[in-house]
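Please treat every number below as a calculation from the coordinates, not as lab data. Predicted, not measured: the structure shown is a model, and the values here were computed from it. Cβ atoms come from the backbone with ideal geometry, glycine included; neighbour counts cover every protein chain shown.
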Amino acid sequence: MNFEICRTIGVDHPSLPGHFPGTPIVPGVVILDEILAVLSECHAGTRLIGIPVVKFLAPLKPGQKFTIRLLAAEQVADEIAFSCTSDGRVITQGRLQIAGV
């Protein structure tokens, strides 16, 4: 399974006030939520078991477009590799452990 989609976290997202006042950034958990929503959209019936690896490499600002990529892991049948990029930079990457594929 390989899949790619562009997303944006709106400036009015309820998690943004206080994260951080004056210089808001999208919380990592919100980015992960978008990744899991994409997984559900592109592969119905898949269930998350765990997130064995996740790295947040650069901040994402509210309203900034980013691309989510899901790639079937070559060596592990129950894992999906993911990455998020924005403006040519990787902002998040990791692996999802799944069931029901």
Using the per-residue mean of other Cβ atoms lying within 10 Å as a proxy for protection, in what order, highest first, do the peptides 40-48, 25-33 fall?
25-33, 40-48
In sequence order, calculated HN-Hα J values of the stretch 15-29 (Karplus, 6.51, -1.76, 1.60; Hz; x Gly/Pro):
7, 6, x, x, 10, 10, x, x, 9, x, 10, 6, x, x, 5
Hey, can you grab everything whose amide H is under 5 Å from the amide H of I51? Only 5+ residues off in sequence or another chain; H modelled, so Pro and N-termini drop out.
Q97
Between V54 and V29, what is the spin-label point distance in nm, taking each point 7 Å from the Cα along the Cα→C-beta axis?
1.0 nm
Q97: net charge of surrounding residues, Cβ under 9 Å, Lys/Arg +1, Asp/Glu -1, itself excluded?
-1
Between Q75 and H43, what FRET efficiency comes out of the Förster formula 1/(1 + (r/R0)^6) with R0 = 25 Å and r the beta carbon distance, rounded to 0.05?
0.85
So if R0 is 30 Å, what FRET efficiency would T67 and A99 give, r being the distance between their Cβ atoms, rounded to the nearest 0.05?
0.70
Which of [x] 43, 25, 21; [y] 39, 32, 24; [z] 87, 35, 22 is the computed Cα extents along the principal axes in Å for the structure on display?
[x]
Summing +1 for each Lys or Arg and -1 for each Asp or Glu, what net charge is found among the other residues whose Cβ lies under 11 Å from the Cβ of D78?
+1
Given the DSSP H assignment, sum -39500 (n - 2.57) over each helix run of at least 4 residues in the chain and divide by its residue total; what's the result at 222 nm in deg cm²/dmol, nearest 500?
-5000 deg cm²/dmol
For the chain, give the magnitude of the charge dipole about the Cα centre (Cβ charges: +1 Lys/Arg, -1 Asp/Glu; no others), in debye to the nearest 20.
220 debye
